[in-house]
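Reviewing the structure listed below.
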Amino acid sequence: MIEFGALDPLGRNARLSASSVEGETVFKKSGARFSFENGAGVVRIGGAGGLSADLHFEREGHAPLCGVYRNGLRGFHYTHKAAGFPVHGTVRVDGRVLDFSPDTCLGVFDWSAGCPARRTHWNWASGAGRAVGGETIGINLAAGINETGMTENVFWIGGRPEKVDTVRFDYDPKAREQPWTMASADGKVELEFHPEGERAESTNLILLASEFHQFLGRYRGRLRAGTTTRDVEFYGFAEEHDALW
């Protein structure tokens, strides 16, 4: 794993887009530049240590999930999620050039904004791949956030979304590297996640704090849409985040 990070507590080096479907988000610091063009579906990274990228999302015909959720009396949270659409482009890592083809490379998209609770804890799972029959697959599953009125749980088959009820994440918080399971209350999702690598951060600034664990790995299991059940195996990630903000 090759990782580059730069803190920006006051947000002076960031410009955020006002919309999830248009505009550009840009971050510049420590010689690095990240840009995300929402409308065009373009991600560009430069000067981030030994990492640079130029990637293009092909989201035409892929229906996203967009929702607004209430948090407390005055809080809200908006999220726009999609997973399982083709991606093409180039990534350069420490002098190596990696070309990605839309035939083999699938992406995920997450754009969120809002006023969550002062103390928030959640689990999130996302990933993309292909079913045994060759159809593109994408998932977005969460617990602990965005569960007022509706959930943000959904999976995609060939770009078509299938809404999912609440999801239970089962894992050992003292041994997060062991397999996790995710199962939905409506029986549409039965997945096992096998972690293979971890990103972790632990920050405590008294008024602000974050304990974050994100694992990359492989999903195996079943997704049911209507009367059809598909056996699936694909890569993705699962995370645990406890935040005070």
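Could you work out the local net charge near residue 162, counting Lys and Arg as +1, Asp and Glu as -1, over the other residues with Cβ closer than 15 Å to its Cβ? Working shown, then result.
Values: positive: 81, 160, 163, 188, 222, 224, 230; negative: 135, 152, 165, 186, 190.
In short, +2.
With +1 on the Cβ of every Lys and Arg and -1 on the Cβ of every Asp and Glu, and nothing else charged, how large is the dipole of segment 30-177 about its Cα centre, in debye rounded to the nearest 20? Roughly 580 debye, rounded to the nearest 20. Can you tell me which lysines have their Cα less than 27 Å from the Cα of residue 188? Leave out same-chain residues fewer than eight positions away. Those lysines meeting the cut-off are 81, 163. Taking the Cα centre of segment 1-84 as reference, the dipole from Cβ charges on Lys and Arg (+1) and Asp and Glu (-1) amounts to some 420 debye. Over the chain, Cα pairs under 8 Å with separation of 6+ residues give a relative contact order of 13 percent.
Read-outs throughout are calculated quantities, based only on the coordinates presented, and are distinct from any laboratory measurement. Keep in mind that this is a model prediction, so the values were computed, not measured. Virtual Cβ from ideal backbone geometry, glycine too; neighbours counted across all protein chains shown.
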